[in-house]
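These notes are about the structure you will find just below.
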Amino acid sequence: MFNNQRYLTKGVQAEIPLELQLFMWECINRLPEEQDYFQVFKMESLNGIQKITHFSEQPEYHREYLVPTENPITAKVYIINSDTYSTMLLAEEY
């Protein structure tokens, strides 16, 4: 489903480190066949480690990751598939 052109917004480019952008795209690549077009990534700092919670509603999906990083961030990111392209954006840009 997400095997199309991939884009990101200026907000993501400015606020989300490249390694976390790539990590989220890799999470999308590893999704089961049945996927929601709307994926959510909630990022927060957990004792200096980046905690990423990835979830969707239909079908229900939930997975948590702990990623070592020098500067953990707090943000919510959406990745939306529109069949011809996929876009990564900050929740406040939606």
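Bear in mind that the values in this text are calculations on the coordinates, not laboratory data. All figures in this text were calculated on a predicted structure; none of them were measured in a lab. Positions of Cβ are backbone-derived with ideal geometry, glycine not excepted, and every protein chain shown enters the neighbour counts.
Taken over the range 12-61, the criterion of being among the hydrophobic types (A, V, I, L, M, F, W, C), within 14 Å of THR87 (Cα to Cα) and assigned to a strand (DSSP E or B) is satisfied by PHE38, VAL40, PHE41.
Filtering the range 43-65 to residues that are surrounded by 12 or more Cβ atoms within 10 Å (Cβ to Cβ), free of Cβ contacts under 8 Å to residues at least 24 places away in the same chain and not polar (S, T, N, Q) leaves ILE49, LYS51, PHE55. Which of the residues that make up the range 13-42 are in contact (Cβ under 8 Å) with a residue 24 or more places away in the chain and closer than 16 Å to ASN71 by Cβ? Correct list: GLU15, ILE16, PRO17, GLU19, LEU20, GLN21, PHE23. Residues that are surrounded by fewer than 16 Cβ atoms within 10 Å (Cβ to Cβ), outside any strand (DSSP E or B) and of a type outside the set (Phe, Trp, Tyr) within the range 70-94 comprise GLU70, ASN71, ILE73, THR74, SER82, ASP83, THR84, ALA91, GLU92, GLU93, listed in sequence order.
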